[in-house]
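The values are calculated or read from the model by the stated rules, or taken from the named source; none is laboratory data. On a predicted model such as this, the values are computed, not experimentally measured, just so you know. Quick reminder, even Gly has a Cβ in these numbers, built from the backbone with ideal geometry, and neighbours come from all protein chains shown.
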Amino acid sequence: MTLSLIRSRRLASLGLALGALGAGLSFVTPSSAAPASAPAPAASAASAPAGEHPVLDRIKARGYVVLAHREASVPFSYVLPDGHAVGYALDLCHKIVDEIGKELKLPNLGVKLLLVKPSERLAVIADGRADFECGSTTNNAERRKLVAFTVHHYITGARFAVRVDSPIGSIEQFEGHKLVSTTGTTPLTAVENANRERLLRIDVLKAPDHDRAIEMVEKGEADGFAMDDVLLYGLIASRPDPSKFKVVGKFLTIEPLAISMSRSDPELKRIADNEMKRLIHSGEAQVLYDRWFMKPIPPKNTALNLPMSYLLKDFWKYPSDMVPF
């Protein structure tokens with residue numbers, strides 16, 4: 001049996017598993033498959049003709065890589081009170097930068113960080129202001145028109161954060177209530193679609209960022225916050241009193257999260273994909289996962305205690321940028 005056939009069957013099986021999570025999930029169409037086998041040797045970017053690799057040429061000329069990061073996507077990419085940006089996705093991006101330095105023969109390749117909001121995270125990649133977006137961005141068909149994605153580093157789904165005394169436990173129970181989500185995110189689109197298609201009469205609110213959205217729930221300005229459940233747990237853990245909140249509901253969406261980059265530079269994507277596969281096969285990605293999801297993280301040194309899901313484990317057996325939906 002070929003590796004391609006094994007991968008196809010595994011993805012089909014995974015698609016069935018996702019479907020079993022319940023009706024009402026929002027799906028995206030399949031992306032182009034990256035090779036699931038070990039990375040094949042390729043010509044070094046340092047020796048490639050100028051102009052064939054626009055992003056790599058830009059990086060080489062200026063001597064640093066620009067990493068876009070988020071303010072409050074805990075634990076993927078967020079800013080500490082002292083202004084330092086940290087997170088799981090940022091750690092992965094730094095590993096990719098190290099590999100780019102080796103490929104370009106630039107041992108002192110630098111890094112500059114660029115804080116972005118959810119609504120602009122793809123634009124900064126598309127227009128060249130950043131080289132990688134290191135956060136919690138879903139790989140879907142619409143976004144692949146603008147950017148490329150590397151191997152998925154997390155799989156999550158949209159659920160709801162509500163106050164602990166709330167009787168709401170599903171999207172249907174938000175009928176006649178206020179439900180907030182963050183501008184420029186797939187959970188917001190899913191909520192708007194469900195509200196329209198199911199005639200739920202939900203008052204859908206938009207927040208500029210995750211911190212503002214969870215604050216709206218805390219202050220009673222909204223009855224719930226729809227977002228990837230892992231982000232909800234991270235945001236709740238970072239609040240002054242996490243016991244005020246709970247996460248409820250079935251998955252409204254399934255979200256394969258990945259680092260994004262320019263579509264214009266296949267060599268850049270090759271380097272990023274190969275490094276992600278190396279990290280996964282070597283076990284280094286698992287170590288980084290445990291650091292951010294199983295152990296205490298800053299600033300409050302609270303552990304999220306979120307073991308790796310079977311979905312991500314299955315994806316990482318044959319790591320690629322492919323999604324079965």
| request: Hey, could you check segment 189-217 for residues that are more than 12 Å from residue 178 (Cβ to Cβ) and of a type in the set (Lys, Arg) and say which is surrounded by the most Cβ atoms within 10 Å (Cβ to Cβ)? | output: 212
| field | Those residues of segment 102-156 which are touching an Asp or Glu at 6+ places or on another chain (Cβ under 7 Å) and over 19 Å from residue 70 (Cα atoms), in sequence order | value | 151
| task | Name the one entry in 273, 241, 265, 228 that is closer than 20 Å to residue 138 by Cβ and either touching a helix residue (DSSP H, G or I) at 6+ places or on another chain (Cβ under 6 Å) or modelled with pLDDT under 95 (or both). | result | 228
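Condition check ((1) within 27 Å of residue 57 (Cα to Cα); (2) of a type outside the set (Phe, Trp, Tyr); (3) surrounded by fewer than 17 Cβ atoms within 10 Å (Cβ to Cβ)) across all residues:
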| residue | (1), (2), (3) |
| --- | --- |
| 143 | yes, yes, no |
| 151 | yes, yes, no |
| 154 | no, no, no |
| 159 | no, yes, no |
| message | So for segment 46-53 (the condition being at pLDDT 50 or above and within 20 Å of residue 124 (Cβ to Cβ)), does at least one residue qualify? | response | yes
| field | Residues that are crowded, with 24+ Cβ neighbours inside 10 Å and either under 19 Å from residue 189 (Cα atoms) or free of Cβ contacts under 8 Å to residues at least 60 places away in the same chain (or both), drawn from segment 119-138 | value | 121, 135, 136, 137, 138
| note | Residue hits (segment 85-120; under 23 Å from residue 306 (Cβ atoms) and not small (Gly, Ala, Ser)) are 86, 88, 90, 91, 92, 93, 94, 95, 118
| Of (1) buried (at least 16 other Cβ atoms within 10 Å of the Cβ); (2) out of contact with any helix residue (DSSP H, G or I) (no Cβ under 7 Å at 6 or more places or on another chain); (3) modelled with pLDDT of 95 or more, residue 67 satisfies all except one. Which? | (2)
| query | Can you find even one residue in segment 89-103 that is within 21 Å of the chain's Cα centre (by Cα), assigned to a loop (DSSP other than H, G, I, E, B), buried (at least 17 other Cβ atoms within 10 Å of the Cβ) and not β-branched (Val, Ile, Thr)? | reply | no
| field | Residues of segment 138-153 satisfying the condition of being among the hydroxyl-bearing types (Ser, Thr, Tyr) and either at pLDDT below 95 or assigned by TED's automatic domain parsing to the domain that holds residue 183 (or both) | value | 138
| said: If residue 166 satisfies all but one of (1) at pLDDT below 95; (2) buried (at least 17 other Cβ atoms within 10 Å of the Cβ); (3) among the hydroxyl-bearing types (Ser, Thr, Tyr); (4) in contact with a Gly (Cβ under 8 Å, 6 or more places away or on another chain), what's the number of the condition it fails? | reply: (1)
| request: Return only the number of the condition from (1) surrounded by 15 or more Cβ atoms within 10 Å (Cβ to Cβ); (2) in the same structural domain as residue 69 (by TED's automatic domain parsing) that residue 242 does not satisfy. | output: (2)
| said: List pairs: first residue in segment 248-259 and touching a residue at least 12 places away in the same chain (Cβ under 8 Å) and over 20 Å from residue 308 (Cβ atoms), second residue among the basic types (Lys, Arg) and part of a strand (DSSP E or B) anywhere in the structure, Cβ distance under 9 angstrom, at least six positions apart or on different chains. | reply: 248/159; 249/159; 250/159; 252/159
| Does segment 101-116 contain any residue that is assigned by TED's automatic domain parsing to the domain that holds residue 226, more than 24 Å from residue 289 (Cα to Cα) and either out of contact with any Lys or Arg (no Cβ under 9 Å at 6 or more places or on another chain) or among the hydrophobic types (A, V, I, L, M, F, W, C) (or both)? | no
